[in-house]
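One structure is given here, and the rest of the page talks about it.
The values are calculated or read from the model by the stated rules, or taken from the named source; none is laboratory data. None of these values were measured; they are calculated from a predicted model. Cβ sites come from the backbone with ideal geometry, for glycine too, and all protein chains shown count toward neighbours.
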Amino acid sequence: MIRAYIALGSNLEDPRQQVTDALQELRAIPNTEMLAHSRLYRSDPVGPPGQPDYINAVACLETTLEAEQLLDALQAIEQAHDRVRKQHWGPRTLDLDILLFGDQLISTERLTVPHAFMSERSFVLYPLAEIAPELQLPEGTDLKQLLSQCPMGTLEPIAL
């Protein structure tokens, strides 16, 4: 079993419901068990101006799937939520990203793990710290160190 951390985000078509539904759908991925998930967080959008705020969360899964099999399952969930990839960092109904996959370092055309921007994103780090406060990234960096370098800013936890 490999422990994987998944970031969830939405800013279109009832984002709170999109993320809540996706948390349930993660539980249905074959050969995978959800161990924990964070509260929901409201965050300012990253990317093109004029987007609505995001709702974000992080989930911890244990899986026997390979990383790209898990990615396939996540992309199928995104598609079920009518995810359209029109604009880089643009608005979306649902975004599911593999943040960490065990202690693996992955760099393929389809997947980069640890996620390329996770260390700069409060909406990833704070929910991740909520469910795995003692986490250490594969290259040895402590999550607490990343948090100390990434202010919470306007990120705010909201009830699930």
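So which residues in the stretch 21-42 are among the polar types (S, T, N, Q) and buried (at least 17 other Cβ atoms within 10 Å of the Cβ), if there are any at all?
The first filter runs over the stretch 21-42 and keeps only residues among the polar types (S, T, N, Q), leaving 24, 31-32, 38.
Answer for the stretch 21-42, where residues must be among the polar types (S, T, N, Q) and buried (at least 17 other Cβ atoms within 10 Å of the Cβ): 32, 38.
Residue 110 - would you say it is touching a Leu at 6+ places or on another chain (Cβ under 7 Å), modelled with pLDDT under 95 and under 22 Å from residue 21 (Cα atoms)? Before the answer, list the steps.
On the way: touching a Leu at 6+ places or on another chain (Cβ under 7 Å): yes; modelled with pLDDT under 95: yes; under 22 Å from residue 21 (Cα atoms): no.
The answer is no for residue 110.
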message: Can you confirm whether residue 58 is closer than 21 Å to residue 112 by Cβ, crowded, with 21+ Cβ neighbours inside 10 Å and not charged (D, E, K, R)?
response: yes
- prompt: Before we move on, is residue 15 crowded, with 21+ Cβ neighbours inside 10 Å and over 18 Å from residue 130 (Cα atoms)?
  reply: yes
message: Cβ contacts < 6 Å: first residue of a type in the set (A, V, I, L, M), restricted to the stretch 27-40; second residue in a loop (DSSP other than H, G, I, E, B), any location; separation 6+ or different chain. Result?
response: 34/27; 40/160
message: Given the options 82, 72, 97, name the one that is surrounded by fewer than 18 Cβ atoms within 10 Å (Cβ to Cβ) and at pLDDT 95 or above.
response: 72
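Mind listing just one residue for me: the one in the stretch 43-55 that is small (Gly, Ala, Ser) and either without any contact (Cβ under 8 Å) to a residue 12 or more places away in the chain or surrounded by fewer than 20 Cβ atoms within 10 Å (Cβ to Cβ) (or both) and, of those, nearest to residue 120 (Cα to Cα)? Talk me through it step by step, then tell me what you get.
Within the stretch 43-55, the first condition is being small (Gly, Ala, Ser), and the residues that meet it are 43, 47, 50.
From the residues that got through so far, the ones that are either without any contact (Cβ under 8 Å) to a residue 12 or more places away in the chain or surrounded by fewer than 20 Cβ atoms within 10 Å (Cβ to Cβ) (or both) too are 47, 50.
Numbers: 47: 14, 50: 21 Å.
Only one residue tops the list, namely 47.
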statement: Selection from the stretch 118-142 of residues surrounded by 14 or more Cβ atoms within 10 Å (Cβ to Cβ), under 20 Å from residue 46 (Cβ atoms) and free of Cβ contacts under 8 Å to residues at least 40 places away in the same chain yields 119, 125, 129
query: Mind checking whether some residue in the stretch 5-13 is out of contact with any Lys or Arg (no Cβ under 8 Å at 6 or more places or on another chain), under 24 Å from residue 110 (Cβ atoms), in a loop (DSSP other than H, G, I, E, B) and not small (Gly, Ala, Ser)?
result: no
